[in-house]
Amino acid sequence: AQKVTQAQTEISVVEKEDVTLDCVYETRDTTYYLFWYKQPPSGELVFLIRRNSFDEQNEISGRYSWNFQKSTSSFNFTITASQVVDSAVYFCAPNQAGTALIFGKGTTLSVSS
Amino acid sequence: DAGVIQSPRHEVTEMGQEVTLRCKPISGHNSLFWYRQTMMRGLELLIYFNNNVPIDDSGMPEDRFSAKMPNASFSTLKIQPSEPRDSAVYFCASSYPRTASGNTIYFGEGSWLTVV
């Protein structure tokens, strides 16, 4: 079974600040996936990234970057130069292929102008 | 391509009434998930199916809840009788584990249920 801890319940930043959302997971599986989802105020759950446990390379997509550290079971998400549209709840979740995502409480990010 | 389609998007019903939520997964996906989201409990997994077979229903709150997947393109979540504490957003999601993209799980827009 997997478990995830997003210790930051709420984060508030001002536009253009960089912000890092922490994610620490627990799993007994040797092969697993890690996900980040975004839930904006409109309510839908938007897939951001999927990372295979064998691939420890960091990934950058525009203003978004992810730092996967298998040794510390962390998969942190950084938004560079945050924007108001980044305001949302962000969920990190580990899982195995074919199984369900088990979500933590998420981190609520508020970006003010 | 069409995403996961849920209906109804919004429903208000009276306590004691039967509620049926519907979901059409992404074509070709063989795993389907039902989640419930409330302020108090966050996002909870209710049940999931692989190849139309329920795999884990341990999250189903009680006997008032039932879920079916009669074929690969349709699933229902039924609450009978409904209670005010069932008010929540119910998400359906689907995935296809064996593709190169792995098991990315895609969510529908949710069904917002209010029981009064």
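Between B:Gly59, B:Gly28, the distinction of being modelled with pLDDT under 95 and out of contact with any strand residue (DSSP E or B) (no Cβ under 8 Å at 6 or more places or on another chain) belongs to B:Gly28 only.
Taking region A:2-57 as the range and being within 14 Å of A:Leu109 (Cα to Cα), of a type in the set (Val, Ile, Thr) and away from chain B (no Cβ under 14 Å) as the test, the residues that pass are A:Ile11, A:Val13, A:Val14, A:Val19, A:Thr20. Counted as qualifying within chain B are the strands (runs of 3 or more DSSP E) with 3 or more residues that are more than 14 Å from the chain's Cα centre (by Cα), namely B:10-13.
A:Phe47 - would you say it is among the hydrophobic types (A, V, I, L, M, F, W, C) and touching a residue at least 24 places away in the same chain (Cβ under 8 Å)? For A:Phe47, the condition - among the hydrophobic types (A, V, I, L, M, F, W, C) and touching a residue at least 24 places away in the same chain (Cβ under 8 Å) - is not met.
For (1) touching a strand residue (DSSP E or B) at 6+ places or on another chain (Cβ under 6 Å); (2) over 13 Å from A:Thr20 (Cβ atoms); (3) away from chain B (no Cβ under 14 Å); (4) not small (Gly, Ala, Ser), each residue gets a yes or a no:
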| position | (1), (2), (3), (4) |
| --- | --- |
| A:Phe75 | yes, no, yes, yes |
| A:Thr78 | yes, no, yes, yes |
| A:Ser82 | yes, no, yes, no |
| A:Ser87 | yes, yes, yes, no |
| A:Thr99 | no, yes, no, yes |
| A:Val111 | yes, yes, yes, yes |
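Screening the candidates B:Ile55, B:Ile79 for the property of being out of contact with any Pro (no Cβ under 6 Å at 6 or more places or on another chain) and touching a residue at least 40 places away in the same chain (Cβ under 8 Å) yields one hit, B:Ile79.
Flag set for B:Cys92, criterion: within 30 Å of A:Ser53 (Cα to Cα), more than 10 Å from every other protein chain (Cβ to nearest Cβ) and in contact with a strand residue (DSSP E or B) (Cβ under 9 Å, 6 or more places away or on another chain).
The values are calculated or read from the model by the stated rules, or taken from the named source; none is laboratory data. Keep in mind that what you see is a predicted model, and the values were worked out from it rather than measured. Note that each Cβ is placed from the backbone with ideal geometry, even for glycine, and that neighbours are counted across all protein chains shown.
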